[in-house]
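Peer 1: Just passing along the structure, written as structure tokens.
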Amino acid sequence: MTGSDVTRDGPRGERPGREAVPAALQPGKPPGTGRRRKGKGRGEQLMVPRAEFRSYYGRPVVKAPAWQARDIAGYFFTGGLAGAGSVLAAGAGLTGRHATAKAMKVSSLAAISLSTAALIHDLGRPERFANMLRVIKPTSPMSVGSWLLAGYGPAAGAAAGSALTGLLPRAGRAATGVAAMLGPAVAAYTAVLAADTAVPAWHDAHRELPYVFTASATAAAAGMALTLAPARENGPARNAALLAAAGEAVAVRLMKRRTGIVAETYEQGRGGRLLRAAERLTAGGALGAALLGRHRAAAVASGLALLAGSACTRFGIFHAGIASAEDPRYTVVPQRERLDSRPPEHGNGRSERPGRHDRNERKAQA
Amino acid sequence: MTTVDIRDLLSGPEPDPAGDAGHTAHPERAGFFTDTSVCIGCKACEVACKEWNAIPEDGLSLTGMSYDNSEGLGASTWRHVAFVEQSVPVRAPDPPPPADPVTPGAEVPRPEGRTELRWLMASDVCKHCTHAACLDVCPTGSLFRTEFGTVVVQEDICNGCGYCVPACPYGVIEQRPDDGRAFKCTMCYDRLGAGQEPACAKACPTESIQFGPLDELRETAARRVEQLHEAGVTDARLYGHEPDDGVGGDGAFFLLLDEPEVYGLPPDPVVTTRDLPAMWKHAGAAALALLGGVTAAFLGSPAGRGATTVRGRTTARAAARTAATAARAAAHRRGTRR
Ligand code: SF4
Ligand code: SF4
């Protein structure tokens, strides 16, 4: 078959010793030192052979977003913390845990303010932020999210304002209710925002990602409640932490199973490291809260672990997505497999298509 | 009218994208057919595009990727010529037997087993998808469908959110770093409006880039591929021409001589919004799971009683079980279509 002679690493099949070789590629050095390991279909220098695929000089097929991790993963984290926090605040208010309710309302307001600030900061033209509200577009999760924030933000603000000042208690209660109803949507929509892209690790996980995000959001909010609320009020937060940690563990496992080879990006590199840290922090925080949460110090430590775990989940998923977009393997291999398993009359981009010969034959007969 | 499947609006064949975008009495859908079998890699299209659209310089580097130094489509490269060097089995016809054999028994060498250089060149461009993910996800309405059925960014509206960039299944659109906004091929919207063909098609000396009504181009392309097959070029295949592919067919499609991924094109692109209904459904379920989970957490720890009573603990565990089962069931309930 055909093969490229000239690759981005230089020509192949050349007589050795004829060209100056960069230090990093000289024999004796372990493969991969001194250059970024890119998924190359050829992969002669790789020790472990990987799934064969072809690409254009190892260049990515899709473009990774230019989003800053701090802004956008941070926006996922703070949005989740705010949204799930509003639900906890409402529950605490209804069950007479007033210190928790007040703390969570303030936390949600602070988190959603940070979240919005991060989103605006990441825009190429921040001064045009208001253009987000030019249209209402259900096909754009970012448009839906902007409108959600436009509804949720003021409600969270009013709830916190009333709780802090004690003014307008009835309006404060109404705002708390609105924030609690919109909160879960605020926590969930960011998963759709990430999944509604061509980024393999995000799109291929589009069914599981919302559950990962809401579970992670609940863990963060429970962590915040454990950190801020008095120990005598933290029973629900401890339950919520356990539920969230269990839910997240299940959803992440399903997500990895679903995404096939793309799951590598959830297990390797920066994404993998962050997600492993997230798993340990979240499980540790939830268990610590369940077992020792009646002691204030232990509750605070568990709460901080839960918050850190949730942040690691969001940053891990963010970096896994970037890695999956930057390596053409994760775009080409799944698509090629899908294509090759499809009946040929649907067209699979290959020339050896029985359908085409049939057509020619039919023509010849006519 | 019977029920409309929302998915049909987001993917699948779509005969009239401009009309569905609200244009009445619009011109025929315009398109590009790029026949890479005649491309000579002169890059006239790249230059013409840069000149006409006043695109800024975006780096002058030597990549070592054959003659390709513009690397790929991006914010400031709207036409990109790919160069691929391959060794292929020599495909020369058998030499004719010598009319007057001088040396009896002498053999004319046959090309079997030998390879020769094959140089593939292809001018890539925005596909102006029938179902364009970039347009679907743009939250400002900056990206829009023109009366020609093409997809264009409005520079005065784009706020640089960057969402269109990862949404495009072909990696076409990009934000210009020093500017912040997103840019891509407009199929020379200004020239089309004045009844002229796009600058790249105008400049192409071999008619590798053909511009015209998309339906006509599809017919031309089908004829061309048949012609090449008859001439023995069995590698020739069309890419992006089928209205029932993952993006509903490309407004700019190609004739290729190898698999699409060799040219840096995705082998089976799908508009991401095809799965958006499923995503919203799961997000809704996940939001409800959050509400339900937190409610369970409160029910498991009634006020005034510690959360550590035996009853409280059992309830929490039962709730955990229910939530996990629900999440698993919902994740599995992806339906038969994906
Ligand atoms: S190729 Fe990409 S940028 Fe061009 S219309 Fe399709 S989705 Fe948009
Ligand atoms: S970067 Fe501009 S064109 Fe792209 S989605 Fe955002 S607003 Fe729309």
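The values are calculated or read from the model by the stated rules, or taken from the named source; none is laboratory data. As the structure is a computational prediction, the values presented were derived from the model and not from experiment. Quick reminder, even Gly has a Cβ in these numbers, built from the backbone with ideal geometry, and neighbours come from all protein chains shown. Heads up: the accessible areas ignore ligands, DNA and RNA and are worked out on the full protein's heavy atoms, side chains in. Shrake-Rupley method; radii C 1.70, N 1.55, O 1.52, S 1.80 Å.
Peer 1: When you look at A:Thr190, is it of a type in the set (Ser, Thr, Tyr), more than 7 Å from chain B (Cβ to nearest Cβ) and open to solvent by less than 10 Å² (accessible area, probe 1.4 Å), yes or no?
Peer 2: On the way: of a type in the set (Ser, Thr, Tyr): yes; more than 7 Å from chain B (Cβ to nearest Cβ): yes; open to solvent by less than 10 Å² (accessible area, probe 1.4 Å): yes.
Against the criterion (of a type in the set (Ser, Thr, Tyr), more than 7 Å from chain B (Cβ to nearest Cβ) and open to solvent by less than 10 Å² (accessible area, probe 1.4 Å)), A:Thr190 qualifies.
Peer 1: Can you list residue pairs whose Cβ atoms sit under 6 Å apart, with the first residue in the stretch B:252-269 being farther than 18 Å from A:Pro334 by Cα and within 14 Å of ligand 1 (Cβ to nearest atom) and the second being polar (S, T, N, Q) and open to solvent by less than 10 Å² (accessible area, probe 1.4 Å)? Count only pairs 6 or more apart in sequence or on different chains.
Peer 2: Listed by first residue and then by second, the contacts come to B:Phe254/B:Thr34.
Peer 1: Within the stretch A:198-216, can one find any residue that is under 30 Å from B:Pro267 (Cβ atoms), aliphatic (A, V, I, L, M), at pLDDT 95 or above and open to solvent by 10 Å² or more (accessible area, probe 1.4 Å)?
Peer 2: yes
Okay, residues lined up against (1) within 9 Å of ligand 1 (Cβ to nearest atom); (2) among the acidic types (Asp, Glu):
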{"position": "B:Glu116", "(1), (2)": "no, yes"}
{"position": "B:Glu147", "(1), (2)": "no, yes"}
{"position": "B:Ile157", "(1), (2)": "no, no"}
{"position": "B:Val172", "(1), (2)": "yes, no"}
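A quick yes/no check of all residues on (1) more than 14 Å from chain A (Cβ to nearest Cβ); (2) surrounded by 14 or more Cβ atoms within 10 Å (Cβ to Cβ); (3) away from ligand 1 (no atom under 16 Å from the Cβ); (4) within 13 Å of B:Ala30 (Cβ to Cβ):
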| position | (1), (2), (3), (4) |
| --- | --- |
| B:Arg191 | yes, yes, yes, yes |
| B:Pro213 | yes, yes, yes, yes |
| B:Ala231 | no, no, yes, no |
| B:Arg237 | no, yes, yes, no |
| B:Glu242 | no, yes, no, no |
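Peer 1: Can we say A:Ala263 is open to solvent by less than 20 Å² (accessible area, probe 1.4 Å), under 17 Å from A:Ser108 (Cβ atoms) and not aromatic (Phe, Trp, Tyr)? If you could, list the steps in order and put the result at the bottom.
Peer 2: Numbers: open to solvent by less than 20 Å² (accessible area, probe 1.4 Å): yes; under 17 Å from A:Ser108 (Cβ atoms): no; not aromatic (Phe, Trp, Tyr): yes.
For A:Ala263, the condition - open to solvent by less than 20 Å² (accessible area, probe 1.4 Å), under 17 Å from A:Ser108 (Cβ atoms) and not aromatic (Phe, Trp, Tyr) - is not met.
Peer 1: Any residue in the stretch A:242-270 that's hydroxyl-bearing (Ser, Thr, Tyr): show its pairings with residues that are open to solvent by 40 Å² or more (accessible area, probe 1.4 Å) at Cβ separation under 9 Å, as long as the two are six or more apart or on different chains.
Peer 2: A:Thr259/A:Asp204; A:Thr265/A:Ala323; A:Tyr266/A:Lys256
Peer 1: Please work out which one of (1) more than 9 Å from ligand 1 (Cβ to nearest atom); (2) surrounded by 24 or more Cβ atoms within 10 Å (Cβ to Cβ); (3) closer than 18 Å to B:Leu73 by Cβ; (4) within 8 Å of another protein chain (Cβ to nearest Cβ) is the condition B:Cys161 fails and give its number.
Peer 2: Checking B:Cys161 against (1) more than 9 Å from ligand 1 (Cβ to nearest atom); (2) surrounded by 24 or more Cβ atoms within 10 Å (Cβ to Cβ); (3) closer than 18 Å to B:Leu73 by Cβ; (4) within 8 Å of another protein chain (Cβ to nearest Cβ), the one that fails is (3).
Peer 1: Working only within the stretch B:102-140, note down all residues that are at pLDDT below 95 and among the basic types (Lys, Arg).
Peer 2: Across the stretch B:102-140, the qualifying residues are B:Arg110, B:Arg114, B:Arg118.
Peer 1: With A:Val135, A:Val106 as the choices, which residue is open to solvent by 20 Å² or more (accessible area, probe 1.4 Å), away from ligand 1 (no atom under 16 Å from the Cβ) and either on the phi > 0 side of the Ramachandran plot or outside any helix (DSSP H, G or I) (or both)? Reasoning before the result, please.
Peer 2: Values: A:Val106 fails: either on the phi > 0 side of the Ramachandran plot or outside any helix (DSSP H, G or I) (or both).
That would be A:Val135, the only listed residue that is open to solvent by 20 Å² or more (accessible area, probe 1.4 Å), away from ligand 1 (no atom under 16 Å from the Cβ) and either on the phi > 0 side of the Ramachandran plot or outside any helix (DSSP H, G or I) (or both).
Peer 1: Then there's this: Taking the stretch B:266-294, which residues are of a type in the set (Val, Ile, Thr), more than 7 Å from chain A (Cβ to nearest Cβ) and buried (at least 24 other Cβ atoms within 10 Å of the Cβ)?
Peer 2: Going residue by residue through the stretch B:266-294, those that are of a type in the set (Val, Ile, Thr) are B:270-273, B:294.
Next cut, more than 7 Å from chain A (Cβ to nearest Cβ) only: B:270-271.
Answer for the stretch B:266-294, where residues must be of a type in the set (Val, Ile, Thr), more than 7 Å from chain A (Cβ to nearest Cβ) and buried (at least 24 other Cβ atoms within 10 Å of the Cβ): just B:Val271.
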